[in-house]
1. Between A:356, A:375, which is part of a helix (DSSP H, G or I) and within 14 Å of another protein chain (Cβ to nearest Cβ)?
2. Please list, ordered by first then second residue, the pairs with beta carbon atoms under 9 Å, 6 or more apart or interchain, first in the range A:249-275 and more than 15 Å from residue A:319 (Cα to Cα) and within 13 Å of another protein chain (Cβ to nearest Cβ), second small (Gly, Ala, Ser) and surrounded by 11 or more Cβ atoms within 10 Å (Cβ to Cβ).
3. On the basis of being part of a loop (DSSP other than H, G, I, E, B), out of contact with any Lys or Arg (no Cβ under 9 Å at 6 or more places or on another chain) and either within 13 Å of chain A (Cβ to nearest Cβ) or surrounded by 20 or more Cβ atoms within 10 Å (Cβ to Cβ) (or both), does residue B:107 make the cut?
4. Can you name every residue in the range B:120-151 that is part of a loop (DSSP other than H, G, I, E, B), open to solvent by 20 Å² or more (accessible area, probe 1.4 Å) and either facing chain A (nearest Cβ under 9 Å) or under 15 Å from residue A:332 (Cα atoms) (or both)?
5. Just checking, which of B:80, B:51 is without any contact (Cβ under 8 Å) to a residue 60 or more places away in the chain and out of contact with any strand residue (DSSP E or B) (no Cβ under 8 Å at 6 or more places or on another chain)?
6. Taking into account only those residues within the range A:401-429 that are open to solvent by less than 40 Å² (accessible area, probe 1.4 Å) and of a type in the set (D, E, K, R), which is modelled with the lowest pLDDT?
7. Looking at the range A:198-229, which of its residues are aliphatic (A, V, I, L, M) and buried (at least 23 other Cβ atoms within 10 Å of the Cβ)?
Amino acid sequence: MTAESGTKSPTERMRATLRRRYAAERRFQAYGIVAIVVALSMLVTLFVTIIGNGAGAFVQHTARLDISVYPQDIDPGREADLDALARANYQSLVNDALYSMFPEATSRQDRRAVRDLISPGAKFVIRDMVMDDPSLIGQRVSVRVPLSSQYDQVLKGNVDPAVDFRVMRESSTEIPWSLPEGERLISDTQAGYLQQLIRQGEVEGSFNRWFFTNGDSRQPELAGIWGAAVGSMFTLMVTLLLSFPIGVSAAIYLEEFAPKNRLTDIIEVNINNLAAVPSIVFGLLGLAVFLQFFGLPRSAPLVGGLVLTLMTLPTIIIASRAALKSVPPSIREAALGVGASKLQCIVHHVLPLAMPGMLTGTIIGMAQALGETAPLLMIGMVAFVVDVPGSPLDPSTVLPVQIYLWADSPERAFTERTSAAIMCLLGFLILMNAVAVLLRKRFERRW
Amino acid sequence: MTYQQPHTEASVSYPETTAGSPLVAGGVKVAARDANVHYADKHAIKDVTLDIAPHEVTAFIGPSGCGKSTFLRCLNRMNDTIDICRVTGDIRLDGEDIYDRKVDVVQLRARVGMVFQKPNPFPKSIYENVAYGPRIHGLVSHKDELDAVVHGSLERAGLLNEVQDRLESPGTGLSGGQQQRLCIARAIAVSPEVILMDEPCSALDPIATAKIEELIDELRQNYTIVIVTHSMQQAARVSQRTAFFHLGNLVEMGDTETIFTNPEHKLTQGYITGRFG
């Protein structure tokens, strides 16, 4: 301290430090604000990118076809039996309808170009319709079938060129390609057919219901998330049914009953360590134990649920123990004081107060499980599964793995669907967190 | 373990008592002989020997940390919940050793109720707070009987008039003094023989305190009451007998009047005259 400052009064000296203290506080606040702005801008970038990429997947362009359901094509025996109807040849019905719309296309090559306009899955749309209502046989019906994904992408402007669908319909100008024909996805002939179809007013962009009702498919226009979503639901169901009771019971035992000794200390340390184990390790364990040793079916949500149970258990146990610890000891004393047994004290008084914390922990664990990919790859849930699973034993995939699979596919339309699936997954997560908040509010009691 | 006495008064010897013979006239409800409590390696209660007479209010006084609450909690084995706590010696309720292996701690706590320092009603309705004890002990067989017990207990705790029309509202919504009386009602709902009160008024204002003290005096007719208190005035007002604890030792016990007017022991005198504490 200098001689000068030594002569200052305590008030003056305090004022000098006060300025420094306020400056430090303002600096700290500024750091905080900068951190929040950075975090928020990253979040906004993420959402903008995903929504910008994925919004298009909720729209699918369809073409209206007038299909004559000839009985000789699909039901020659006139049995109207569902088995025969399921196996019948609907492709020829679709082809006939297309050829009649483009009578000028006669060569093999041209006819192929015409057939390519419509999704190869159009026959399934017709099949499902006929099987739902066999009385359609022998009639002429007007059906909307999905356009092939490449044409869909051209119309959405995702693939060269940037075309506005409405402008194209109104004017008959040539499509403004920027690439030479050889480098394009569709040739001039194919583009001509597409324009013709549009001019006839048969093409329409509408809500993509297939995306929400179908399983996976090689054809992007038919690929949907329903199979993966159901797989995720079965997996989470198994996880929840196993991990919640096991986790909560373990937490109650460790927190309330277990003697505090070296053994329980070791168990506690190991549970904490388990929470930090990379998830793929659980996948390997699941492969070795559940598939090799117990011989459970491959790719099944049951096994996925078992593996994810192992993964979420530590989260639930740690959260539940923290919730139990935070119950004020006065409540336990009160219960024990009137002669409640230990179990009565816990079940009647401690658990209701700890429940919100336990549920929050569980839902955080479930959200983690919902977004988990790596361990499921190891047990074969990465398979290409077209059917929507009907039980936890059927082969299936889950949403994040579906995203991974689509992100790997080269078709432009799958890029769009990848982002759309991410949006659905995020929607699921937001929904689960909302449920967590609601449950908290509902069960929270003040004392 | 040797214990370093921090006070100069330590040179005086503590009164010697003999085991077996009753120390109070007119019957003994709770009897302790050479009771010791250890928390890990801390010797919290040292060879305490005392008797508590039925239908009397016995007050435990002493400076903070002297072990009076610890000893109180030995009487209904609340110390069992603390892992590191070890109780030795002989504590009897109506002649029965409460630390005997055959004694069920749940039943003991029904016989020896407890009211705590901080009012701790359950986060449930007023009715549920009082009904909980009788219900878990199976003391009532149907709703009307339970209603009667709840009303009777609230009545005896002097709370019925104040809460009669809102029995379904939460017990935590009451004022501090009302909450404490609710806790007393909850304790007497299981018809205990002894009620232990651990500084029941330390969180309350003087008016609420006066109400509780009045209540304690009335409850004496039916129950044996042991109260731990920091306030010597309170001990003088509500109790018939007083025990003075210091550093884990029972220094002196006797009629409240004697203790406060003519204590035998220098330590007691120092404490009640406010020279330390």
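The values are calculated or read from the model by the stated rules, or taken from the named source; none is laboratory data. If you're wondering where the values come from, they're calculated on a predicted model, not measured in any experiment. Counting neighbours? That spans all protein chains shown, and the Cβs are built from the backbone with ideal geometry, glycine included. Each accessible area value is taken on the protein alone, full model and side chains, heavy atoms only, with ligands, DNA and RNA left out. Shrake-Rupley method; radii C 1.70, N 1.55, O 1.52, S 1.80 Å.
1. Among A:356, A:375, only A:356 is part of a helix (DSSP H, G or I) and within 14 Å of another protein chain (Cβ to nearest Cβ).
2. Cβ pairs passing all conditions: A:264/A:258.
3. no
4. Step one: filter the range B:120-151 for residues part of a loop (DSSP other than H, G, I, E, B), giving B:120-124, B:137-142.
Now drop any that are not open to solvent by 20 Å² or more (accessible area, probe 1.4 Å), which leaves B:124, B:137-142.
Matches in the range B:120-151: B:124, B:137.
5. Working: B:51 fails: out of contact with any strand residue (DSSP E or B) (no Cβ under 8 Å at 6 or more places or on another chain).
Of B:80, B:51, the one residue that is without any contact (Cβ under 8 Å) to a residue 60 or more places away in the chain and out of contact with any strand residue (DSSP E or B) (no Cβ under 8 Å at 6 or more places or on another chain) is B:80.
6. Filtering first and then ranking leaves A:416.
7. Looking only at the range A:198-229, we keep the residues that are aliphatic (A, V, I, L, M), and these are A:198, A:203, A:222-223, A:225, A:228-229.
A:203, A:223, A:225, A:228 - these are the residues of the range A:198-229 that are aliphatic (A, V, I, L, M) and buried (at least 23 other Cβ atoms within 10 Å of the Cβ).
For every residue, the table says whether it meets (1) assigned to a helix (DSSP H, G or I); (2) open to solvent by less than 20 Å² (accessible area, probe 1.4 Å); (3) closer than 21 Å to residue A:357 by Cα.
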residue	(1), (2), (3)
A:238	yes, yes, no
A:243	yes, yes, yes
A:263	yes, no, no
A:276	no, no, yes
A:280	yes, no, no
